[in-house]
Each structure stands twice: as structure tokens, then as C-alpha cells.
Amino acid sequence: MATIAVVVVCVGYAPVAMTELWPYARPGAPAFGEWLLSRAVSPRYVADALATRIGPYGRSLTAMIVHSVLGGALMLLGPVQLLSAVRRRIRLHRAVGVVFAVTVYVSMAGAALYLVRTAPADAFSGAAFWIVLATILVGTVLSVTFGIFAAVGKFPDLHQRWMLLCYGFLMTAPLLRLEWGALPWLLPGLSMEDINRVAIMHLGSVVAFGALLASRAMDRRTTATGVAGTCVPMPVLAAVHLAGAAALAWIARSCLGWGAEGRRLLLAYLIPYAATYAVMFVRHRRADREGRSWAREEWRLHLAALCLAPVLSASAALLFERYAGLDRQTALSAGVTIGCGMLAFMATTAVSLRVMYGRELVKRQRLAAARHTRPTPSPAA
């Protein structure tokens, strides 16, 4: 059901992405996303949002069109990759994978050019949104790059994890559009820029968590080669819980001081965060009870990373306020929006290093055993 849902969302979003910027190049050109959103919410809601984009998009229109058209292509290539992997169509998976990787690089180059030419304050919904876009761009490019390295190095399990994380970052685009249409019904009266500020508080957490769930669902191993014990012992896990709780308390206190908007942003962050934590905690305990040591270790690494995400967010907020010249609210919003995604990336890196080290350890042990069992030549020989 999850696979079907992803495929439907991606295929449905592809024409929206491909035509999204046509009206900026030729006024009056068809744009399926505008048409759908105008009927789901209101024409004024859409017109007010798009009117502020003419200048920033106009400075990088060609790059943005390349980014959006290829982004739509990625929405179609992703399901092909997922289904070909599940069905074990190796040749198709490899061929489409090359096209997918090249498309990611070119599409992200267009996005990078837009970000370089656009001041953070001129981005849609301000500097926090610019920081989120830049973080997603870097995460997407690094994920697909590490996925390629894992495939070349014959680590199919790591290749799978990195590519799922890469596609999770790409899924922020269709999920944001869905929130543009759905959240005005829950939060009436807000502009699209306000909806953006709410949505980015949890999108990074949601897509990274989705990638983790997909990875764990496709990995049925009880143990992993050479991986034993845990690199997050109980005292460390307790310490990161305490640090995360303290950072969450500081974030909550700061948000509650901003009135209704602060409470809205805080709930948009805390509800998905709490749901993600609950699922990770339960899955970790279940894997421990069932003796599935590899699943337990992966859940444990990601659980520790999730606990540290508020710490990173609070630290980033202080740095943004001090060195980037952002006001306190914008700095904290930016810090919160990148925390979960960045820590999920780091947790995937830790998982990869554990797997690579484990296999290298087993390889060295086998070589050492082979040397010890090799017969010693006699003096006469």
C-alpha cells in the first residue's frame, strides 16, 4: 500500500512539476498545479503567492525550468527504480539508475543556480525556506553520490538505503504541494507563505522517516555480516535522550513566546516528531525482544540521531542568529527545519560505516585464518 501511494503521488505530481513555471516564461500558459490549487483552495490564494515570485524566478528562469522539468522526470523515474528493485529486474534497474543519477545532478544544478542568484530574504517564505532548499539540495546530491559509490563497491544494502534517502529528499516537493492544498482547510486564513513556514517544520522529518521505514521493510536480515554489539550503549542513549529533551524544552519555550504563530509552528514540529519517535522506540524494543540484532542496531542509531536533532536545531539557530544576521524567530525556524533531515543523513552514514567495517573485519579474519591453516613447506622442499 505504501508503494502504491508513493507511485500515485509521484505520477500525479510529475505533470504539475513540469508545467509549474511555464506561466512565468509565457503568461497564460497552462499550469496544472495552479489550476488544481485554485479549485482546492481559492484563485486569490494562488494569485497572491505567485505574484511575489515573478522577480526572483525571472532572474533564473531557464535554470528553474530545467530544474522543474527534470524534477518531474525524476518523479517518474523513481517508481520505475523502486519497482524494478522489488521485482529484481537488474538490467532495467541499472539502466534507469544511470539516467536517474544524471537527471538528479542536472536538476539540482538548476536549483543551485537559482539559490546562488536569489538572496535568502527573497526566497519564497524568506530566509528559512532558502536554508531548507539549500540543505535538501546538498542532501540529495550527496545521497545519490553515496548510493553510486555503494553500488560500485558492491554494497547493495547500502545502495538501497542511500537511494531511498535521496528519493525521500525529492519527495519534499510533492508533499509540500499537498500541504498547500490541505492545510488551508485546517488553518483557514493563512497565505501560502504562512503554509510554507508550517510545512517546513516537519517535512524533513517525515521524508527521512519514510526512507528509513522503506529501508527496514526491504531488509529482512536478522544479523549483518561482521556487525556485533552496538556503538550506542545504554549510557550514551540515555545521555542523548536527556540532551534532546533539554533542547526540545528550549525550542518549545522560544516558540511559545511568539504567540499564535509560534504555537502553530511548534505543533507542526512536535506532533510529527513525537509520532516518529514513538514508532522508532517501539520498533527498536520489538527487534530487541525478537533477537534481531541488526534491526535493533539500525533503529538504535536512528533513534539516537532523532534525539540529537533538537540539539543540532538549537545550535544552528544560535549560529544563524549570530553569524547570518537572522532574527531570532527566523533563525530558530531554519534550525528546526534542517535538524531531523541532517541527523537522519548522519545516521545513514553511521549505518553505512558499521556495515563496511563489519565486512572488512570479516574479510581480514578470513585472510588471517587462511594464513594460519596454510601448510608450512618442509626444509627439503
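Quick look at the numbers
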{"read-out": "Matching entry among 191, 125, 205 (being of a type in the set (S, T, N, Q) and within 22 Å of residue 324 (Cβ to Cβ))", "value": "125"}
{"read-out": "Matching residues in region 307-327 - criterion: being part of a helix (DSSP H, G or I) and of a type in the set (Asp, Glu)", "value": "321"}
{"read-out": "Matching residues in region 280-297 - criterion: being out of contact with any Asp or Glu (no Cβ under 6 Å at 6 or more places or on another chain), more than 27 Å from residue 334 (Cα to Cα) and of a type outside the set (Gly, Ala, Ser)", "value": "282, 283, 284, 285, 286, 288, 289, 290, 292, 294, 297"}
{"read-out": "Lone unmet requirement of (1) touching an Asp or Glu at 6+ places or on another chain (Cβ under 9 Å); (2) under 24 Å from residue 259 (Cβ atoms); (3) not hydroxyl-bearing (Ser, Thr, Tyr) for residue 300", "value": "(2)"}
{"read-out": "Single unsatisfied condition, residue 116 versus (1) closer than 17 Å to residue 62 by Cα; (2) touching a residue at least 40 places away in the same chain (Cβ under 8 Å); (3) among the β-branched types (Val, Ile, Thr)", "value": "(2)"}
{"read-out": "Test: residue 282 is crowded, with 22+ Cβ neighbours inside 10 Å and in a helix (DSSP H, G or I)", "value": "no"}
{"read-out": "Among (1) in contact with a Pro (Cβ under 9 Å, 6 or more places away or on another chain); (2) closer than 25 Å to residue 157 by Cα, the one test that residue 347 misses", "value": "(1)"}
{"read-out": "Which numbered condition residue 186 misses (of (1) touching a residue at least 40 places away in the same chain (Cβ under 8 Å); (2) under 30 Å from residue 49 (Cβ atoms); (3) not acidic (Asp, Glu))", "value": "(1)"}
{"read-out": "Residues that are farther than 18 Å from residue 185 by Cα and touching a Pro at 6+ places or on another chain (Cβ under 6 Å), drawn from region 26-55", "value": "29, 31, 32"}
{"read-out": "In region 289-324, the residues that are buried (at least 19 other Cβ atoms within 10 Å of the Cβ), touching a Lys or Arg at 6+ places or on another chain (Cβ under 7 Å) and more than 17 Å from residue 353 (Cβ to Cβ)", "value": "295"}
{"read-out": "Elements of type helices (runs of 4 or more DSSP H) contained in region 51-154, each with 1 or more residues being exposed (fewer than 15 other Cβ atoms within 10 Å of the Cβ), at pLDDT 90 or above and touching a Lys or Arg at 6+ places or on another chain (Cβ under 9 Å)", "value": "90-117"}
{"read-out": "Condition check for residue 274: exposed (fewer than 13 other Cβ atoms within 10 Å of the Cβ), closer than 30 Å to residue 129 by Cα and out of contact with any Gly (no Cβ under 8 Å at 6 or more places or on another chain)", "value": "yes"}
{"read-out": "Matching option when the condition is among the aromatic types (Phe, Trp, Tyr), modelled with pLDDT of 95 or more and under 15 Å from residue 333 (Cβ atoms), among 277, 273", "value": "273"}
{"read-out": "Qualifying helices (runs of 4 or more DSSP H) (wholly inside region 155-243; at least 1 residues being aromatic (Phe, Trp, Tyr), surrounded by fewer than 17 Cβ atoms within 10 Å (Cβ to Cβ) and out of contact with any strand residue (DSSP E or B) (no Cβ under 8 Å at 6 or more places or on another chain))", "value": "172-186"}
{"read-out": "From the options 73, 40, residue that is within 22 Å of residue 167 (Cβ to Cβ) and either in contact (Cβ under 8 Å) with a residue 60 or more places away in the chain or not charged (D, E, K, R) (or both)", "value": "73"}
{"read-out": "Verdict on residue 220 being modelled with pLDDT under 90 and under 30 Å from residue 147 (Cα atoms)", "value": "yes"}
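Here is a yes/no grid of residues against (1) aliphatic (A, V, I, L, M); (2) touching a residue at least 60 places away in the same chain (Cβ under 8 Å); (3) more than 29 Å from residue 217 (Cβ to Cβ):
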site	(1), (2), (3)
282	yes, no, no
289	no, no, no
300	no, yes, no
309	yes, yes, no
330	no, yes, yes
333	no, yes, yes
348	no, yes, no
356	yes, yes, no
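The values are calculated or read from the model by the stated rules, or taken from the named source; none is laboratory data. Because the structure is a prediction, the values reported are computed rather than measured. Cβ coordinates were reconstructed from backbone atoms using ideal geometry, including for glycine residues, and neighbour counts include every protein chain displayed.
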